[in-house]
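Peer 1: I'd like to ask some things about the structure below.
The values are calculated or read from the model by the stated rules, or taken from the named source; none is laboratory data. Just so it is clear, the structure is predicted and the values come from calculations on it, not from any experiment. With ideal geometry, Cβ positions are generated from the backbone for all residues, glycine too; neighbour counts draw on all protein chains shown.
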């Protein structure tokens, strides 16, 4: 067994890239992809939309070397879940939107020619190419194609935008704009630039800190309100007990008055009875 393993050719990855000898993209390219991917994913991904970055798109299950790896893809009507790759025969549709960020490998990858043709044949509807730093002039820094149904591309509709103006997507409610040689995602409804990826974590940290502070203040206010309610309850209880004591004292006073009145009445009756008896004794004595 060890001898057989030793004779195998490496790597054994059946999806080994045929483009691995091409020039590697730099950190700015990766940062740009991240800065575009996360805002779109955060706002679009869900049960009816899938957004991915640098995920291979395969079209032939018998030839897994026939694929493309777009910088970003958006597939409408496809549920968001973890995928090792995007297989067209399993998803039953192509991504609707593909975004490519130009880099030193773009010439070899033929981002502006053969790659666009490949996506068109598979049914991609919108193809966006971005050149953040303008290194590929005279190519426009922002350009998009609405891909038609003709293999030669004669039905495609090409759109460009000046670098300082947004290039709007025809499929999603967002666009792209160059800011300080970086491409930023723009909200079409408000014109808002979504935060850059490196700004997100500090902002989240601040928001978490503010939220915790607000929660602590709310907790303290709740504790204070509970203490005030408890004090009010105790005061009400004391007032109730005082009223009961006052009522009991009033009842005892009333009973005391009744008992005193009854004693006076008994005394009066006893006095009257004694006087009547004395008179009767006197009368009897006089009759002798």
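Peer 1: Within region 132-148, restricting attention to residues that are modelled with pLDDT of 90 or more and in contact with a helix residue (DSSP H, G or I) (Cβ under 9 Å, 6 or more places away or on another chain), which residue is surrounded by the fewest Cβ atoms within 10 Å (Cβ to Cβ)?
Peer 2: The qualifying residue surrounded by the fewest Cβ atoms within 10 Å (Cβ to Cβ) is 148.
Peer 1: Does region 160-177 include one or more residues that are at positive phi and either in the same structural domain as residue 71 (by TED's automatic domain parsing) or in contact (Cβ under 8 Å) with a residue 60 or more places away in the chain (or both)? Quick ask: steps written out before the conclusion?
Peer 2: First pass over region 160-177, keeping only residues at positive phi: none.
Within region 160-177, none of the residues are at positive phi and either in the same structural domain as residue 71 (by TED's automatic domain parsing) or in contact (Cβ under 8 Å) with a residue 60 or more places away in the chain (or both).
Peer 1: Can you confirm whether region 131-143 contains a residue that is more than 27 Å from the chain's Cα centre (by Cα) and in contact (Cβ under 8 Å) with a residue 60 or more places away in the chain? Before you say what the answer is, go through the steps one by one.
Peer 2: Within region 131-143, the subset more than 27 Å from the chain's Cα centre (by Cα) is 131-143.
Then drop every residue that is not in contact (Cβ under 8 Å) with a residue 60 or more places away in the chain, which leaves 132-133.
Yes: one or more hits.
Peer 1: Which helices (runs of 4 or more DSSP H) does region 25-138 wholly contain that include 1 or more residues that are under 24 Å from residue 149 (Cα atoms)?
Peer 2: Details: elements: 27-44, 88-91, 106-109, 114-122.
Once the helices (runs of 4 or more DSSP H) in region 25-138 are filtered for at least 1 residues that are under 24 Å from residue 149 (Cα atoms), what remains is 88-91, 106-109, 114-122.
Peer 1: Exactly one of these conditions fails for residue 70: (1) more than 22 Å from residue 42 (Cβ to Cβ); (2) buried (at least 17 other Cβ atoms within 10 Å of the Cβ); (3) out of contact with any helix residue (DSSP H, G or I) (no Cβ under 7 Å at 6 or more places or on another chain). Give me its number.
Peer 2: All conditions pass for residue 70, except number (1).
Peer 1: Does at least one position in region 144-160 carry a residue that is within 31 Å of the chain's Cα centre (by Cα) and not in a loop (DSSP other than H, G, I, E, B)? Let's see the steps before the verdict.
Peer 2: To start, the set of residues in region 144-160 that are within 31 Å of the chain's Cα centre (by Cα) comprises 144.
Checking which are not in a loop (DSSP other than H, G, I, E, B) leaves us with 144.
Within region 144-160 (the criterion being within 31 Å of the chain's Cα centre (by Cα) and not in a loop (DSSP other than H, G, I, E, B)), the answer is yes, since at least one residue qualifies.
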